[in-house]
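Read the figures in this text as sums done on the coordinates, not as results from a lab. The model shown is predicted, which means the values in this text are computed figures rather than measured ones. A quick note on method: Cβ atoms are made from the backbone with ideal geometry, for glycine too, and the neighbour counts reach across all protein chains shown.
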Amino acid sequence: MSTAFISHADSLRHEMGPHHPECPERVQAIEDQLILSRIDDFLLRIEPPLASDEQLARVHSLEHINNLKAWAPQVGYYAIDGDTTMNPATLQAARRSAGAAIAAVDAVMQGQVTNAFTCVRPPGHHAEPDRAMGFCFFNNIAIAAKHALEHYGLERIAIVDFDVHHGNGTEVAFRGDARVLMCSFFQHPFYPYSGADSTAENMLNVPLPAYSAGQEVREVVDTVWLPRLREFQPQLILISAGFDAHREDDMGQLGLVEADYAWITRQLKNVALQTAQGRIVSCLEGGYNLSALARSVVAHLKELADL
């Protein structure tokens, strides 16, 4: 099998209160769609570990890690901000999400699979080194990148973020780090109101106005991302795979559909085959319309797994 699918029941135990869009049903919807689409048998299931403090500290300050430990409630909820809340299972779920990203890198770098997708929550790309925000506690994709850089000695990693929101936490973690090229598009102006004015040479941010659809996004990928990615020659591609730019998702106002996510995945896969021995690690970020999310993830996985 060429593609790993990494998930864990801890993702279902973290929840942030009634009617919160970042809910356990997101993972359940994806799992159901895998069965409905009949691709589950073609994916290698991997059990993810909990990320250690040492692994988290490659990206996050010890103060941040210790704060989350101190804030973790025994019962009920602890609100970090208006969007981001801990319940008694949150800390372990967040460690598991980061651990899944690390396990995905290990599976790909050790040749167990060609690529991997982590279907875990909470997401991560808004979490900054010293701050949880935007539904995110630890920055899974940044932790994966640091693991690949420090444990495997890679020299060039590309991080691609196609969530409707800018991955501010990932940018803060790697701004000015020549070993990492971050390519992203995102709706602008929009939460978290960052990214559009970045001047770091390794940040290739493309802000898009509301109601941009698939054709505009494909043009950005084709004319802006791909030439820079080929020039950079990444040894590993990491994807912050947010599916909230889907036209059915009320969390944003972009107009992508499943075919667009499949096309983007195909382009990134072609680059990975040319420069990185096909190695891709994709981590779930946003996506809040359950049906659109599940369909989009399956389209993404079918491209990764050549199905």
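Observations
- Glu216-Tyr77 FRET efficiency (beta carbon distance; Förster radius 25 Å; 0.05 resolution): 0.05
- Using R0 = 30 Å, the C-beta based FRET efficiency linking Ser2 and Leu226 works out to 0.85.
- Mean-position separation - Cα centroids, segment 193-259 and segment 91-139, in angstrom: 20
- Residue order, fewest to most surrounding Cβ atoms within 10 angstrom, among Asp260, Asp41: Asp41, Asp260
- Comparing Gly82, Gly214, Gly134 in a Gaussian network model of the chain where C-alpha atoms under 10 Å apart are linked, the largest mean-square fluctuation is found at Gly82.
- DSSP bridge analysis restricted to the chain gives an antiparallel fraction near 10%, rounded to the nearest 5.
- A simple rule links phi to the HN-Hα coupling: the Karplus curve 6.51 cos²θ - 1.76 cosθ + 1.60 with θ = phi - 60°, which for segment 119-124 gives 9, 9, 8, x, x, x Hz, with x for Gly and Pro.
- Lysines with Cα under 23 Å of Lys69, excluding same-chain neighbours fewer than 8 positions away: Lys146
- Phi to ³J(HN,Hα) by Karplus 6.51 cos²θ - 1.76 cosθ + 1.60 over segment 238-255, Hz, x for Gly, Pro: 10, 10, 7, 8, x, 10, 8, 8, 5, 5, 8, 8, 6, 6, x, 10, 9, x
- Remark: segment 146-163, residue by residue, has Karplus-estimated 3J(HN,Hα) of 4, 4, 5, 5, 8, 7, 9, x, 5, 10, 9, 10, 9, 10, 10, 10, 10, 5 Hz, where x stands for each Gly or Pro and the curve is 6.51 cos²θ - 1.76 cosθ + 1.60 at θ = phi - 60°.
- Tail fraction, Cα-Cα pairs, segment 241-307, threshold 15 Å, whole percent: 50
- Relative contact order %, segment 1-139, counting alpha carbon pairs below 8 Å whose residues are six or more apart: 34
- Overall, the anisotropy analysis places segment 120-276 in the oblate class: the square-rooted eigenvalues a ≥ b ≥ c of its C-alpha gyration tensor yield a/c not less than 1.5, with a/b not exceeding b/c.
- Helix-only mean residue ellipticity at 222 nm for the chain, each DSSP H run of n ≥ 4 adding -39500 (n - 2.57), per residue, nearest 500: -11500 deg cm²/dmol
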